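The values are calculated or read from the model by the stated rules, or taken from the named source; none is laboratory data. Note that this is a predicted model, so its numbers are computed, not measured. Glycine also receives a Cβ, built like all others from the backbone with ideal geometry; neighbour counts cover every protein chain displayed.
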Amino acid sequence: MVHRTGALHGADTITAGGGDDTIDFTSDAAVDTFKFVDTNGADTIANFDQNEDFLSFASITADGTLAELAIANDAGTTLGVTTIGGTNSTVYVIDTDATELGTATGAAISDFTSMTVVATFLNSDDGVVTSGTSGKTDFFIINDGSDATASYVYVLEDDGDGTTTVESTELTLIGTITTDAALDIGDVLIA
């Protein structure tokens with residue numbers, strides 16, 4: 001079930017429900033906001049306007065203070081390891097899956113609905129290192145480098161088993177977004 005506020009085809013705020021919802025923002029000049037919540041399913045959002053609409057994480061229970069961080073994934077650039085701390089939740093926005101996270105050139109994500117494939121991407125090369133803190137949550141928005149109109153949103157909940165790699169069982173797809181351009185940090189609301 002989805003909760004909607006605002007005028008029909010106007011500036012809408014849509015709150016995700018507990019199931020797998022499909023939301024169409026329609027093409028309009030209004031600023032629409034989609035709010036993720038703790039009981040979110042795997043929602044599909046169509047017609048997201050990257051220059052005016054927002055994804056809000058403000059209604060999700062976060063660890064400590066919720067932050068946001070852009071990761072520019074350029075081939076040949078040494079990014080260094082992205083270390084996820086054990087205290088505060090962060091929304092990471094990865095500009096493309098076209099290359100590995102760091103200096104090597106690797107395969108793009110072949111299936112954004114496979115948590116095994118997404119975890120492999122996040123662990124590749126310099127990659128992501130988790131805190132190993134049980135129950136710690138963070139979020140990833142990954143833009144599809146082979147389809148400039150597709151972005152995917154994941155929640156990472158660390159299982160606390162002592163490993164510091166991202167495991168497929170720790171990832172959940174919570175959003176599939178069709179948009180007019182790749183999403184960036186300006187599309188994210190945390191407060």
Members of region 109-133 found to be on the phi < 0 side of the Ramachandran plot and in contact with a Leu (Cβ under 8 Å, 6 or more places away or on another chain), listed by number: PHE112, THR113, MET115, VAL118, ALA119, PHE121, LEU122, SER124, ASP126, VAL128, THR130
Region 12-33 residues that are farther than 15 Å from ILE177 by Cα, paired with ones that are acidic (Asp, Glu) and assigned to a loop (DSSP other than H, G, I, E, B) (beta carbon under 8 Å, 6 or more apart): ASP12/ASP32; THR13/ASP32; ALA29/GLU52; ALA30/ASP12; ALA30/GLU52; VAL31/GLU52; VAL31/ASP53
Enumeration of residues in region 21-49 that are closer than 22 Å to ASP138 by Cα, of a type outside the set (Ser, Thr, Tyr) and under 16 Å from the mean Cα position of the chain (by Cα): PHE34, LYS35, PHE36, VAL37, ASP38, ASN40, GLY41, ALA42, ASP43, ILE45
Test for ALA67: is it surrounded by 13 or more Cβ atoms within 10 Å (Cβ to Cβ), at pLDDT below 85, under 20 Å from TYR152 (Cα atoms) and under 19 Å from the mean Cα position of the chain (by Cα): no
Hits in region 168-182 - residues which are surrounded by fewer than 18 Cβ atoms within 10 Å (Cβ to Cβ) and among the charged types (D, E, K, R): ASP180
Qualifying positions in region 38-56 - under 21 Å from THR113 (Cβ atoms) and either in contact with an Asp or Glu (Cβ under 6 Å, 6 or more places away or on another chain) or modelled with pLDDT of 90 or more (or both): GLY41, ALA42, ASP43, THR44, ILE45, ALA46, ASN47, PHE48, LEU55
